[in-house]
Amino acid sequence: RDSATLRMVPVGASCCLFVLATLASSEAKVAESPSCGYDSTLEEADLHYQKGLNLTDKGELDNARVEFEKAVALNSEFSDAYYQLGVVLMHKGDFPNAEPMFESAITFNDRVPQYHSMLGVCTVQQNKLDKAFDAFSRTTELQPQDPWFAHENHMFYTYSTKKRSKKHVHVVGTRHVLFSHF
């Protein structure tokens, strides 16, 4: 039992904390990567994020919003927290304030197709069609084999190149469908 184990614990956008724990003793030595800047605030931010997810699942959107706001206040690069904050704001119909949340999520991690997809939905609701098209296109670039994202992009392109009349976006859970009425 005096062997050592190395555990990797993710703690933020691109840094990891490595904990070398000796099983024979109760002491643990912590070694940080120099760029990590790990401290208890990242842990606290994650706790608020998890609370926000639980509250969202229960339909308590106002309380979830508070938790996601606390998470981004503690970790200004917490892309998932920005995304979830944007989702909560969209569910409440607050598209102008949801948009910068999705943009922040993309700023800190531009490789997540759902971030771009929801930015597209949000900007369609505000009639920002060029921005929506760019967001949907990026979604398809990131997930070219995903039939849902390809369909979403095609539907938007079809809509935007026709009469540009009334449009409706219905959010269904984490998936959404773009309907065009010509």
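Only a single item in (1) open to solvent by 40 Å² or more (accessible area, probe 1.4 Å); (2) at pLDDT below 80; (3) over 22 Å from Leu55 (Cβ atoms) is not met by Asn127, and it is number (2).
Here Thr107 meets the list (1) at pLDDT 95 or above; (2) among the hydroxyl-bearing types (Ser, Thr, Tyr); (3) open to solvent by less than 40 Å² (accessible area, probe 1.4 Å) almost entirely, failing just condition (3).
Here is a yes/no grid of residues against (1) part of a helix (DSSP H, G or I); (2) under 15 Å from the mean Cα position of the chain (by Cα); (3) of a type outside the set (Ser, Thr, Tyr); (4) farther than 18 Å from Ala71 by Cβ:
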| site | (1), (2), (3), (4) |
| --- | --- |
| Glu99 | yes, yes, yes, yes |
| Ala105 | yes, yes, yes, no |
| Asp110 | no, yes, yes, yes |
| Tyr115 | yes, yes, no, no |
| Gly120 | yes, yes, yes, yes |
| Val124 | yes, no, yes, yes |
| Asn127 | no, no, yes, yes |
| Ala132 | yes, no, yes, yes |
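Looking at Ser165, Ser137 in this structure, which one is small (Gly, Ala, Ser), outside any helix (DSSP H, G or I), modelled with pLDDT under 90 and surrounded by fewer than 20 Cβ atoms within 10 Å (Cβ to Cβ)?
Values: Ser137 fails: outside any helix (DSSP H, G or I).
Exactly one of Ser165, Ser137 is small (Gly, Ala, Ser), outside any helix (DSSP H, G or I), modelled with pLDDT under 90 and surrounded by fewer than 20 Cβ atoms within 10 Å (Cβ to Cβ), namely Ser165.
Scanning the stretch 88-97 for residues that are closer than 14 Å to Glu69 by Cβ and surrounded by fewer than 22 Cβ atoms within 10 Å (Cβ to Cβ) yields Lys92, Asp94, Asn97. Close contacts from the stretch 42-57, counting a first residue that is within 16 Å of Asn75 (Cα to Cα) and a second that is acidic (Asp, Glu) and open to solvent by 30 Å² or more (accessible area, probe 1.4 Å), with Cβ to Cβ under 9 Å and a gap of 6+ residues or different chains, come to His48/Glu69; Tyr49/Asp80; Gly52/Glu69.
The values are calculated or read from the model by the stated rules, or taken from the named source; none is laboratory data. Remember, it's a predicted structure, so these values are computed and weren't measured experimentally. Cβ coordinates were reconstructed from backbone atoms using ideal geometry, including for glycine residues, and neighbour counts include every protein chain displayed. All accessible areas refer to the heavy atoms of the entire protein, side chains included, with ligands and DNA or RNA removed. Shrake-Rupley method; radii C 1.70, N 1.55, O 1.52, S 1.80 Å.
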